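S.K.: Pasting a structure here, questions to come.
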Amino acid sequence: MERENNMCLLRLQGAEVSLTFEEEALTWSYSKKRTWKQKSQLVSVPVNEIVSVRQGDSKQQSKTINAPSNLFTVYYVLRNKSCKRWSLQTVTFTAPDAQVAHGWVQHIQEKIQQTAGNTRPKKLLVFINPYGGRGKAPRIYYTEISHLFQLAGIETDVIETTRANHARDHILDSDLQTYDGVVCVGGDGMFSELLHGLVRRTQTDNGICEDKEGTKLTPCTLRIGIIPAGSTDCVCFATMGINDPVTSALHIIIGDTQPMDVCASYHEGQLMRYSVSLTGYGFFGDVLRESERMRLMGPMRYDLAGIKMVLSNRSYRGTVEFLEASDDSSPRDNTRCRTGCLVCSESSERLSAKFKNNGSKSEKWKSITGSFAALNITSMSSACPKSQDGLSPTAHLADGTADLIIVQKCSTLQFLKYLNRHTNGKDQFAFPNVEVHRIHAMRFTPEQLDDEEIVRRQKRMFVCPCGEESVASTWNCDGEILDCAQLSIRVHHQLIQLFARGIEDKASR
């Protein structure tokens, strides 16, 4: 497009507008001579948030038009007041003639390519879970999402999964070189499949054995997109601040990238599972185990299992050891992880310097022995619609650490007060029986009991009104049971990347 046409007088809904590029943004302003609704109105759209531009209006583009149109339509991201929910907005300009309209279309497309062309996906592998989230995933994708990908010119290969680990196995066995990312349409379980498949595939391609504790893993280059269609959508909510399918699709289209830490769990030195949200022993492990016995009751089984475990007020003895992070961030410093987070962006340099200066030989582990109602490890806030702040409100997505939350044995009332803090926005760590640490690694060893003590405890537990209590709990690893008590966890720094930009607020724009 001619340089002098970078600013042009056009018409928009009958009003004269001035359209121009200013500092990587497409800007238009209404003429002051128009009605009070349009007077002095100014709209500015960052080029990297323009989804597409096409000649003609939105109705004409769906038909075959012989004559060139003097109209062109810009499709772009529109935020709501909180900035978290995104929607697709369209605006159609009227140019003096078809040649000017065509020139603007070309110029805007060139600007998009220059600004964000290398980060935007061109081809995606999409997995849809037709069973999770009450079977709503296919409807969400085909009615709300697929046309957005088409509009943005993104080619998709769509697979509806037919069994557990279908997506994981496909990622492990297929040629992925033609794809720019993989997308799951489902809940946290579906995301976990993609996580395990992509991490394992990356290690296999790089000749790395992931099964041994202490192995340094290679970060994945393919990004993961999440179209939320599950029951809780914790991962999506904690990385975007909302679990809205259209918002997630628009983040994928404009090519946002958010690195994420991943926790790896090991039993006796062997890899068990990966997780990004909750790895919990005690209360959350018991809730998951109990809910598995109530599967016929549907989603309400989690609430019923939770009530039962609160009333039973169980605790488990053992020793937790952890390698505490020595940098300046703290789980109680009230610094939230947001778009452009400095703690995360500077973490690679900080961790590299720490390893160079100290190395693993100087690691100093701390140890706590006691009776625990809950041990929770999370490398993200683990926020969800029911708990807006999550398990650890200031946990960071990509700083190479996780937050270890230790809840010592307490009364039923005290534990209920602690759980309630997850929903009311108050400081959930302000209890004498609760402590939190920012860590790089953790080990838990359950108390070893002789046969006589086990029999004595089982006889005492038999009278519990909420059912027979076990000597040890299990681990809840992102909704999957790890049927062992002894466990060690290490945080792998920025092992995966999401199509996201972290939680955006007005201050971070």
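S.K.: Just one of Asn206, Asn165 is open to solvent by less than 60 Å² (accessible area, probe 1.4 Å) and not β-branched (Val, Ile, Thr); which is it?
M.R.: Asn165
S.K.: Considering only region 319-352, how many residues are among the basic types (Lys, Arg) and outside any loop (DSSP other than H, G, I, E, B)?
M.R.: Result for region 319-352: 1.
S.K.: A further question follows. Only residues that are more than 20 Å from Gln494 (Cβ to Cβ) and in contact with a Leu (Cβ under 8 Å, 6 or more places away or on another chain): list them for region 384-417, please.
M.R.: Scanning region 384-417 gives Leu391, Ile405, Ile406, Val407, Thr412.
S.K.: Working carefully through the options Asp427, Asp451, Asp483, find the one that is modelled with pLDDT under 95, open to solvent by 40 Å² or more (accessible area, probe 1.4 Å) and within 24 Å of Leu288 (Cβ to Cβ).
M.R.: It is Asp483.
S.K.: Checking Thr119 against (1) in a helix (DSSP H, G or I); (2) over 26 Å from Thr94 (Cβ atoms): exactly one of these is not met. Which one?
M.R.: (1)
S.K.: I would also like to ask the following. Against the definition (of a type in the set (Asp, Glu) and touching a Cys at 6+ places or on another chain (Cβ under 8 Å)), how does Asp327 come out, yes or no?
M.R.: The answer is no for Asp327.
S.K.: Moving on. Filter region 58-113 down to the residues that are modelled with pLDDT under 85 and charged (D, E, K, R) and list them by number.
M.R.: Scanning region 58-113 gives Lys59, Lys63, Lys81.
S.K.: Further question: Can Pro299 be described as surrounded by 19 or more Cβ atoms within 10 Å (Cβ to Cβ) and either out of contact with any helix residue (DSSP H, G or I) (no Cβ under 7 Å at 6 or more places or on another chain) or not hydrophobic (A, V, I, L, M, F, W, C) (or both)?
M.R.: When the stated conditions are applied, Pro299 does not pass them.
S.K.: Which members of region 384-423 meet the condition of being touching a helix residue (DSSP H, G or I) at 6+ places or on another chain (Cβ under 8 Å) and part of a helix (DSSP H, G or I)?
M.R.: Residues satisfying the conditions are Thr412, Phe415, Leu416, Leu419.
S.K.: In the set Ser275, Ser312, Ser265, which member is surrounded by fewer than 22 Cβ atoms within 10 Å (Cβ to Cβ) and either farther than 21 Å from Asp478 by Cβ or modelled with pLDDT of 95 or more (or both)?
M.R.: On inspection, the qualifying residue turns out to be Ser312.
S.K.: Only residues that are charged (D, E, K, R) and touching a residue at least 60 places away in the same chain (Cβ under 8 Å): list them for region 195-212, please.
M.R.: If the condition is that a residue be charged (D, E, K, R) and touching a residue at least 60 places away in the same chain (Cβ under 8 Å), then Glu210, Asp211 are the ones that fit.
S.K.: Ala249: within 19 Å of Glu155 (Cα to Cα) and either surrounded by 23 or more Cβ atoms within 10 Å (Cβ to Cβ) or among the polar types (S, T, N, Q) (or both), yes or no?
M.R.: Judged against the criteria, Ala249 is a match.
S.K.: Just to be sure, is Gln38 outside any strand (DSSP E or B), more than 20 Å from Glu504 (Cβ to Cβ), open to solvent by 30 Å² or more (accessible area, probe 1.4 Å) and at pLDDT 90 or above?
M.R.: Answer is no for this residue.
S.K.: Now, a different point. Report whether or not Ala238 is in a helix (DSSP H, G or I) and within 18 Å of Ala398 (Cβ to Cβ).
M.R.: yes
S.K.: Can you find even one residue in region 5-24 that is modelled with pLDDT of 70 or more and in contact with a Lys or Arg (Cβ under 6 Å, 6 or more places away or on another chain)?
M.R.: yes
S.K.: Oh, and also: Does Ser381 satisfy the condition of being out of contact with any strand residue (DSSP E or B) (no Cβ under 8 Å at 6 or more places or on another chain), assigned to a loop (DSSP other than H, G, I, E, B) and touching a residue at least 60 places away in the same chain (Cβ under 8 Å)?
M.R.: Yes, satisfied.
S.K.: Turning to a different aspect of this structure: Check every one of the helices (runs of 4 or more DSSP H) wholly within region 125-208 and list those with 3 or more residues that are among the polar types (S, T, N, Q). Even if it seems obvious, please write down each step before you answer.
M.R.: Working: elements: 132-135, 137-140, 146-151, 166-173, 188-205.
Result: 188-205.
S.K.: Given the structure, is Pro68 in contact with a helix residue (DSSP H, G or I) (Cβ under 6 Å, 6 or more places away or on another chain) and either open to solvent by 70 Å² or more (accessible area, probe 1.4 Å) or polar (S, T, N, Q) (or both)?
M.R.: Spelling it out, Pro68 is indeed in contact with a helix residue (DSSP H, G or I) (Cβ under 6 Å, 6 or more places away or on another chain) and either open to solvent by 70 Å² or more (accessible area, probe 1.4 Å) or polar (S, T, N, Q) (or both).
S.K.: Next question, about the same structure. Please list, ordered by first then second residue, the pairs with beta carbon atoms under 6 Å, 6 or more apart or interchain, first in region 251-269 and in contact (Cβ under 8 Å) with a residue 24 or more places away in the chain, second hydroxyl-bearing (Ser, Thr, Tyr) and open to solvent by 10 Å² or more (accessible area, probe 1.4 Å).
M.R.: Going by the 6 Å Cβ cut-off, the qualifying pairs are Gly255/Thr119.
S.K.: Here are some residues: Thr143, Thr119, Thr156, Thr178. Which one is out of contact with any strand residue (DSSP E or B) (no Cβ under 8 Å at 6 or more places or on another chain), farther than 17 Å from Ile496 by Cβ and open to solvent by 10 Å² or more (accessible area, probe 1.4 Å)?
M.R.: Just a single option satisfies the conditions, and that option is Thr143.
S.K.: Something else about it: Quick check on region 182-190. Is at least one of its residues without any contact (Cβ under 8 Å) to a residue 24 or more places away in the chain and under 21 Å from the mean Cα position of the chain (by Cα)? Outline the logic, then answer.
M.R.: Taking region 182-190 first, the residues without any contact (Cβ under 8 Å) to a residue 24 or more places away in the chain are none.
No, there is no match, as no residue in region 182-190 is without any contact (Cβ under 8 Å) to a residue 24 or more places away in the chain and under 21 Å from the mean Cα position of the chain (by Cα).
The values are calculated or read from the model by the stated rules, or taken from the named source; none is laboratory data. None of the values given here were measured: they were computed from a predicted structure. Ideal geometry is used to build each Cβ from the backbone, glycine not excepted, and the neighbour counts take in all protein chains shown. When the accessible area is computed, the model is the full protein with side chains, heavy atoms only, and any ligands, DNA or RNA have been set aside. Shrake-Rupley method; radii C 1.70, N 1.55, O 1.52, S 1.80 Å.
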